[in-house]
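A quick write-up on the structure given underneath.
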C-alpha cells in the first residue's frame, strides 16, 4: 500500500502539485513550506498566474512546488479550474507527486476531489489542514483508518499556526524517494453502473494506455461530463468513444439514472461511507460561531451599514496611519538629493540624477505606506472571511443590474489592482457577465490612483472634522472610491441592457468560516505587493522620470532680456524655460482640449505620461516643478502646487475645485496601458480594450467637465 521501492534513488529535481478546494488553506500551506523562495509566472498561452515555490531536500534535491488554482472537482467550470485540471492530468509530463490539501472541518466536500485525484494512480499525500479548528468543533478523525482506506499517507496540520509543516516536508521527500503509485482497491460503486461503464473503460485501456483504475475513473467522468468527452475530440478513435459513451448514457436513462449525476452520486455515496467509518462529530444542534456572527454581519439592514462603516474606517486609517512613514520617506529622499548634489559637480548628469531620477521615483515611493495599508486591510478582510460576505451582500445590487455575485470578487479585487481583478473574472461561467465585469473593473479605484488622490487631498482639502469626528480628507477619499463603484454599476447596467445582452445565472458561493487572520499571510501579501510596486512600477517610473527630465529641460532657452526685465522675477524666467521645452510644447498642444476641465498644460503632460502607470502623474509633476525650481528641489510637492501662480492671470493654478476635477478624471479614465494589455489578452481581440478605453475616456472627460464647470457656476472656483 505504501513505498513499493523504498530504496530507489531520489531524483535531483521534481515537480510537486499542491491541489485543494478553495478556502482549504492551500496557499497558507504553500507559503509555510516555501517561505521567501517563490517565483511568479504565467501558464503558457494564458494570463493565469502560476506560483512556484522552491524546496531543497537531502542531497541537494530541488523541488518545484506548484500552488494550483483552487477547484472542487476535475470537472472544470472556469478557466482557472481548467488550467489546474490540465496540470494534474498532463499525459506527457505527469507530476512527480500530488499533495491534496483538505479542510478537516469539511471532509465531506473535500474528499470528493481527493477521490478523483487518487484514481489517477499518481504518488500522493493527503494533508488535513485546519486540524485545530476541527478539534475545537469536536470533530475527531481516524487518520490511520483513512490511510488504510485511501492507500496514501494522511497528515494532520494547521498551516496558519505552523504545526505539522516539518512532518509534511519530510513526507514529501520520502514520497518522492519511494516513487510509489497509489495502490488500493476500487472504491465501491453499484455493480450495474460499473457494468454499464465497462465498454468505455475498455476503450481507455486500449487507446489511452491507462491502467484499470484510471481508465474506470476516466470512463465515469466522460460519461457524466460533456466537457470531458469533448476534450478527447482530437483522438484518432474519438468517434468510437462517442458512440460508446452514447450507448452507456442511453442505458443509464433506461434504468432511470440521470447520466450527468452518475459520478457525483456514486462518489458522494462512497465519501459518506468513508466519513461514517472514520470521522466522529460533536453535537450537531448547536449554531456555529460563524452562523452566530452572520446573523449580524449579513443582516439585511445592519449588514450594509456595517460594511459602509468598515470601508469608512479603512480610508480614515489610510490617511492617519500613513502620515508618519510618509514623512520619513520624504525626508529620506530630500537628504539623498542634498547628498548627491553636494557630492557631484554641477552639470547635466547631476541635474539628471537629482531632479530627474531621485525626484521622480521619490515622489511615488512616498505613497508606498498608503498602498501597503490598503493591501493590509483587503488581506485582513479576505483572511477573516468577511470579504466573501461583502460579495454576498452586494449580490443583491449586482442582481438588479443583471450581473451575479461572482462579479463582486473581481471588482473588489480591483481595489488593489485592476489586473488581478480582471484575471479573477475567469471564475465567472457566463461569458457575457465575464466580459462586462472585465470592462467595468478598471472603474474601481486601484492602489495606483491612490498617490494622485492623496496628493490632491493633502494639498487642497482641509484637515477638518465633519460632524465632529469624521475627517474631511478621509471622507473625500472614500467618495472617490464610492464614485468608482457607482459608475461601475451604471456602466454594467447599460452594457448588459444595450450592448452585451444575455441571461443572468443563479449565484452560488461558498461562505468560508470566520477565521482569525494570519499575520504571516497578510505580511506575505504586503511584501508581494511592495515588491511589485517598487520593482515593476519603479522601473517604469524611473524610465519615464528620465525621459520627462529631458523633455522638460531641453532645448535650453533663456528668456529675452527685455522680457526678463519686464517680468523681473526668477519664476517668470523659469516658466519661459519650461514653456519652450519639448514637454511644454506638447502640453501646450493639448491645453485647449483640457482647459475646460480646469487643467493647464503641465497637468496635460501628466495625463499623457500616466498612461504608462497612473502613479507616474505624481512623478511627472514633481519632475516638471523641480526642473523649474532646481535650487529648491527639497520643497514639498504639495507646497509647490499650492503656491503655483498662473503668470497670465495672477491666479492660483491649483484650487480645491481643480483638484476635485482632476481626481474625478482619474477615477473614471483608463490611465493604464497594462490594464489595456491584459484586457486584450483576456478577450483575445483589440475590439473590447479599444471600446473600454473610449467609453472610459469620454466618461472621464464629461465627469471632470461637469465637476469643474458646475463648480464655477456655483461660485466654488
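Along each principal axis of its Cα atoms, how long is segment 191-280 end to end? Whole angstroms, biggest number first, please.
49, 30, 22
Using per-residue counts of other Cβ atoms within 10 Å, averaged over each peptide, order 18-29, 671-682 from highest down.
Details: 18-29: 23.2, 671-682: 20.0.
Going by the mean number of other Cβ atoms within 10 Å, highest first, we get 18-29, 671-682.
Using the count of nearby Cβ atoms within 10 Å as a rough guide to exposure, how do 476, 609 rank from fewest to most?
Fewest-to-most ranking of 476, 609: 476, 609.
Just to verify a number: FRET efficiency for residue 340 and residue 472, C-beta to C-beta distance, R0 = 22 Å, to 0.05?
0.05
Please order 323, 651 by the number of other Cβ within 10 Å, starting at the fewest.
Going from least to most buried by this count: 651, 323.
To the nearest 0.05, how large is the calculated FRET efficiency for residue 479 and residue 550 if R₀ is 35 Å and r is the Cβ-Cβ distance?
Result of the calculation: an efficiency of 0.40.
Considering only C-alpha atoms, what is the centroid distance from segment 74-99 to segment 435-457, in Å?
Between the Cα centre of segment 74-99 and that of segment 435-457, the gap is 34 Å.
With a 10 Å Cβ neighbour count serving as the proxy for reagent exposure, in which order, fewest first, do 644, 87, 56 appear?
56, 644, 87
Taking the Cα-to-Cβ direction at residue 317 and at residue 148 and moving 7 Å from each Cα, how far apart do the two end points lie in nm?
5.0
Report, in whole Å, the centroid distance computed from the Cα atoms of segment 239-294 and segment 582-604.
Answer, in whole Å: 65.
To the nearest Å, what is the center-to-center distance of segment 135-159 and segment 107-128, using C-alpha atoms only?
Result: 12 Å between the Cα centres.
Between residue 277 and residue 256, 0.36 nm times their residue separation minus their Cα-Cα distance comes to what? Display every interim value, and only then the final one.
Details: separation 21, 0.36 × 21 = 7.56 nm, distance 2.97 nm.
Here the answer is 4.6 nm.
Share of antiparallel DSSP beta bridges in segment 51-152, in percent to the nearest 5? Intermediate results must be reported in sequence, preceding the final value.
Working: 6 of 12 bridges.
Among the beta bridges of segment 51-152, antiparallel pairing accounts for roughly 50 percent.
Using R₀ = 30 Å, calculate the FRET efficiency as 1/(1 + (r/R₀)^6) where r is the Cβ-Cβ separation of residue 589 and residue 350; round to 0.05.
0.50
Bear in mind that the values in this text are calculations on the coordinates, not laboratory data. What you see is a predicted model, and the numbers here were worked out from it, not measured in a lab. Cβ sites come from the backbone with ideal geometry, for glycine too, and all protein chains shown count toward neighbours.
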